[in-house]
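The values are calculated or read from the model by the stated rules, or taken from the named source; none is laboratory data. These numbers were taken from a predicted model, which means no experiment stands behind them. With ideal geometry, Cβ positions are generated from the backbone for all residues, glycine too; neighbour counts draw on all protein chains shown.
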Amino acid sequence: HHEIKTRKGKVLHERYRNICTLGKGNFGKVFLAEDMSTGDQVAIKVVDKRLFKNNDQKQHAQREQSICEEFATDLMHKNIVQIFEVVADEECIYVVMEYVQGGELFERIKQDQKLAEPLARRWFREIIEAVCYIHENGIVHRDLKPENVLIDRKQKVRLCDFGFGKRIREGQEVLSTYCGSPFYAAPEMVTATPYKGPPVDMWSCGVILYAMLTGTLPFQGDDMPQLFRKISHGIYVMPRFISSDAAHLINRLLCKNAKDRITAAACLDHPWFKSSNSSSSSSA
Ligand code: ADP
Ligand code: MG
């Protein structure tokens, strides 16, 4: 056991006591822990750097650490998980953050099969507000999906997981790395076309909105090549029970051409967010 000092000078494992595992990903594990001096509960994501084989993966870990550090010091948004501090040693990165109690949006969709339009509208607006904030701050998430959208005790959205996040300088950088879940990946990503960044998040948001309203995914396939072919053609079926405003927004998000895709800021002005709770859900 080596000592990992937190910013407050305390040794991490002397300050926090593990309670249970909250989630597991490819390279990390998230634990529920208790601050032994205050009794406060926190979530701690531990990313094991020893599991990273190639330079690409090592770079992702480095980026996750630096984006989380920014969130611990400068960045903050009501719909993004609050990060308290980030500490790292040779082997692991530890991200200490607020514990979000309500679970994943993924589970909510599964439970209810699909979400009622008023609830979907409220949560989706919060997702877009969070995405708008990170884009305004020059960060792309690249792994937006319902597993990375948490719901807190007050039933508000908390976006998490900057494992594929990247800082981009306006208009400069062209990205080419494939990231995230294939079902949520944008056409420019699956066709390995160099991309600018933010529009890939908007595509994923389109898939999330579709999933919230229908309980299914717009793009599916028997295998990866088939799935990627469908995504690259941008062809999907819009169920008739979706209100016309919501269908219009999904169409603006799932635009094959990244240049035509709606931005997060423009999205917030979309009529679907202005239609009242009763008016559009009555179209079902
Ligand atoms: P990975 O990069 O492995 O996907 P995530 O950061 O997405 O790691 O965390 C994995 C899972 O752990 C999440 O999908 C969620 O279920 C849970 N989790 C992550 N952060 C928190 C948190 N702050 N509070 C509660 N649960 C969390
Ligand atoms: Mg995740």
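Tabulated data for the structure shown
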read-out	value
Residue that is farthest from ligand 1 (Cβ to nearest atom) [pool: residues in region 166-187 that are over 23 Å from R122 (Cβ atoms) and buried (at least 23 other Cβ atoms within 10 Å of the Cβ)]	P187
Residue in region 142-165 that is within 16 Å of ligand 1 (Cβ to nearest atom), free of Cβ contacts under 8 Å to residues at least 40 places away in the same chain, more than 28 Å from F52 (Cβ to Cβ) and over 16 Å from the mean Cα position of the chain (by Cα) present	yes
Filtered residues of region 218-233 (kept if of a type in the set (G, A, S), out of contact with any Ser or Thr (no Cβ under 8 Å at 6 or more places or on another chain) and touching a residue at least 12 places away in the same chain (Cβ under 8 Å))	none
Test: residue in region 149-156 that is more than 16 Å from ligand 2 (Cβ to nearest atom) and either within 17 Å of L22 (Cα to Cα) or buried (at least 18 other Cβ atoms within 10 Å of the Cβ) (or both)	yes
Within region 157-178, considering residues that are polar (S, T, N, Q) and under 20 Å from T191 (Cα atoms), the one nearest to ligand 2 (Cβ to nearest atom)	T177
Test: Q111 is surrounded by fewer than 19 Cβ atoms within 10 Å (Cβ to Cβ), more than 14 Å from ligand 1 (Cβ to nearest atom) and either farther than 25 Å from F241 by Cβ or modelled with pLDDT under 95 (or both)	yes
Qualifying position, being among the acidic types (D, E) and surrounded by 14 or more Cβ atoms within 10 Å (Cβ to Cβ), among E14, E64	E64
Which listed residue is of a type in the set (S, T, Y), closer than 30 Å to A72 by Cα and at pLDDT 95 or above, from Y184, Y236	Y184
D112 vs. criteria farther than 18 Å from L253 by Cβ, away from ligand 2 (no atom under 15 Å from the Cβ), of a type in the set (D, E) and in contact with a Gly (Cβ under 9 Å, 6 or more places away or on another chain)	yes
